[in-house]
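Remarks on the structure that follows.
The values are calculated or read from the model by the stated rules, or taken from the named source; none is laboratory data. Please read all numbers here as calculations on a predicted model, not as lab measurements. Backbone-built Cβ (ideal geometry, glycine too); neighbour counts: all protein chains shown. Keep in mind that these areas ignore ligands, DNA and RNA; they rest on the heavy atoms of the full protein, side chains included. Shrake-Rupley method; radii C 1.70, N 1.55, O 1.52, S 1.80 Å.
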Amino acid sequence: ARELTGLFNFGGFRCRIRIDIWHEKFLIITDLKSARDASQTGFMYAMEDENYAVQCAFYLKGASAITGKPINDFNFLVVEKEPPYRAEVYCPDFAMVASGETMMLDAMDRLKRAIKTNNWHPEPRVAKPVSPSQRFLFKIQDMEAQRAQEAK
């Protein structure tokens, strides 16, 4: 089935999932994602940056609650946004799903606390310093090296 919507109760809340592709016979969820880089490393970074592991854990929990069966298979079908539109399928491993579940449960706890206390900003709002990541620094080094090479 395509674009299957389901409602379930979780943590005292009524929740909704919208599955892109649901294979009922094999109990597999597939989520479609567009990406600039569909390589394994590129998508791993996108998963971390966009919290796709949380979505994965939430959808697995929701589908299990809705069907009454344990759902453990989740795939991402990733298609690049630019030609040649490379497509890859990735299946988050146990560590990725477990990390998503941890982040999901933490977010649920923070939501409950905010509702209970009516405090939606638990941390003082002050400017915090931000530094470039190692990944960003490598990107800058590559750019500098390429510019130096072109200058020769």
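Just a yes or no: is a residue in segment 49-56 within 18 Å of the chain's Cα centre (by Cα), more than 16 Å from Val97 (Cα to Cα), surrounded by 10 or more Cβ atoms within 10 Å (Cβ to Cβ) and of a type in the set (A, V, I, L, M, F, W, C)? No, segment 49-56 contains no residue that is within 18 Å of the chain's Cα centre (by Cα), more than 16 Å from Val97 (Cα to Cα), surrounded by 10 or more Cβ atoms within 10 Å (Cβ to Cβ) and of a type in the set (A, V, I, L, M, F, W, C).
How about segment 1-38: which of its residues are among the polar types (S, T, N, Q) and either open to solvent by 50 Å² or more (accessible area, probe 1.4 Å) or over 16 Å from the mean Cα position of the chain (by Cα) (or both)?
Going through segment 1-38, the residues among the polar types (S, T, N, Q) turn out to be 5, 9, 30, 34.
Those that are among the polar types (S, T, N, Q) and either open to solvent by 50 Å² or more (accessible area, probe 1.4 Å) or over 16 Å from the mean Cα position of the chain (by Cα) (or both): Thr5, Asn9, Ser34.
Can you find a residue that is within 17 Å of the chain's Cα centre (by Cα), hydroxyl-bearing (Ser, Thr, Tyr) and at pLDDT 95 or above anywhere in segment 66-85? Looking through segment 66-85, none of the residues is within 17 Å of the chain's Cα centre (by Cα), hydroxyl-bearing (Ser, Thr, Tyr) and at pLDDT 95 or above. Considering only residues in segment 74-108 that are free of Cβ contacts under 8 Å to residues at least 24 places away in the same chain and in a loop (DSSP other than H, G, I, E, B), the one that is surrounded by the most Cβ atoms within 10 Å (Cβ to Cβ) turns out to be Cys91.
Under the condition of being part of a strand (DSSP E or B) and small (Gly, Ala, Ser), the residues counted in segment 1-46 number 3.
Okay, residues lined up against (1) more than 24 Å from Asp20 (Cβ to Cβ); (2) in a helix (DSSP H, G or I):
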| position | (1), (2) |
| --- | --- |
| Cys56 | no, yes |
| Ala65 | no, yes |
| Arg110 | yes, yes |
| Glu123 | yes, no |
| Val130 | yes, no |
| Glu150 | yes, yes |
